[in-house]
Each structure stands twice: as structure tokens, then as C-alpha cells.
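Okay, so here's the structure we're looking at.
Laboratory data are not the source of any read-out in this text; all were calculated from the coordinates shown. Note that the structure is a prediction, hence the values are computed from the model and not measured. As a convention, Cβ positions derive from the backbone with ideal geometry for all residues, glycine included, and neighbour counts pool all protein chains shown.
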Amino acid sequence: MTTIVLVRKNKNVVVASDGQVSMGNTIIKSTANKVRKIEKKNVIAGFAGSTADALTLFERLEAKLEKHAGNLARAAVELAKDWRTDKYLRRLEALMAVADKEKSFIISGTGDVLEPEGDVIGIGSGGNYALASAKVLMDTDLSAEEVAKKAITVASEICVFTNNNIVMEKI
């Protein structure tokens, strides 16, 4: 389980995650990096779920972005279609929050590509806590980075599958 929050504020986009990896009730690692940046396409992604599955999906997203000239919306839809219909990919258990300078999406294995109504996305075991915290903080003078960091910190105080070792990427 994990916590990912994506914040879009003042022309900045930040994806932050906690660092905890759990198996059942046991913490396996506390400093994992669940956020990746695709430098060439100026896209960031955070993933919740099985690490190997998430990395596989991240690689597929990167390939889709290459194929569709960096068009994140098209790449997200194509990834979701593959994820839902491919016999191998269908078994992958993960959820992704992805963004570029213009758009943000949640991509799921059920074929969903969801664009949030607001400027915040929260996924993972502590995602709802981080989402609620970030929504409240959006009306403050805090920067996107500060909102994301505080949201993960709040989630870490509530969700046993979330810690406060925060990893962040910004575009």
C-alpha cells in the first residue's frame, strides 16, 4: 500500500509519495521511490500497488508517450486500453496518477482514465486522507510542493500503510 498525491497549483505540478512498502502487516522498506519523471516528455507519474506491476506500467506509459508524440491524454487512454484487454497486463495490480503541464489523470486497470474536477489527486491506501488535506490547503498561500508535503504528512499520521519519508517530483 502507499499514498500518492498530485497537486496542480500556480502553474506548478507536483507528485509526492510516501516511502513505505508493506507486505501484509510488515514494513519491508521505508524509503521507496514511487514517483517517476519522464524528462523527455515533461511528465510525472506516481503509482500505488505492486511495485513490479507499477514499474511495468510506467515503462508502458513511457512507450505510449513516445508513440503519440508526448500527448499524455492519448497515451493514457492507449495504456488503459492495453491494461484492460491484454491478458498479461490485466493481472497487474496498480493505480497511476500522471500529469504534464496541462492535464492530470488517474489511470486504472479497469480501463478508467479519469481527469479530476479539481487540481488534486489522491490514490493509494492513504490517498483519501492526502486528498482531503490537500483540498483544504489549496486555499492557502502554500506552494504546490508545500501542499503535497503536508498532505502526505497528514496521511502518514492516520494511515498505518503510509510513512513520512516523502519523495517528490515537480514539473
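Figures for the structure shown
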item: Linear extension gain, N164 paired with K40, 0.36 nm per residue minus alpha-carbon span; result: 41.7 nm
item: Distance histogram for the stretch 3-170 (every C-alpha pair counted, 5 angstrom bins, percent rounded to whole numbers); result: 2, 10, 19, 23, 20, 15, 8, 2, 0, 0
item: Net dipole in debye of the stretch 1-112 [+1 Lys, Arg Cβ; -1 Asp, Glu Cβ; about Cα centre; nearest 20]; result: 260
item: Extension reserve of the E59-L114 stretch, reckoned as 0.36 nm per residue once the Cα distance is removed; result: 17.8 nm
item: Mean Cα-pair separation over length for the stretch 81-167, i.e. relative contact order, pairs under 8 Å, 6 or more apart, %; result: 19
item: The chain, helix-only ellipticity at 222 nm - DSSP H runs n ≥ 4, -39,500 (n - 2.57), divided by all residues, nearest 500; result: -11000 deg cm²/dmol
item: Cross-link pairs beyond the 29 Å C-alpha cut-off, checked among K64/K150; K81/K103; K34/K101; K11/K37; K11/K149; K103/K150; result: K64/K150
item: Model label zone, I27; criterion: amide N under 20 Å from point 7 Å along Cα-to-beta-carbon; scope the stretch 115-151; result: 124-130, 149-151
item: Sites T85 and T51, calculated FRET efficiency, Cβ-Cβ separation with R0 30 Å, nearest 0.05; result: 0.80
item: Net lengthening on full extension, E157/K135 (0.36 nm per residue, minus Cα-Cα); result: 6.2 nm
item: For the chain, the longest site-free run once GluC sites (Glu not before Pro) in DSSP loop states with at most 16 other Cβ atoms within 10 Å are removed; result: 1-92
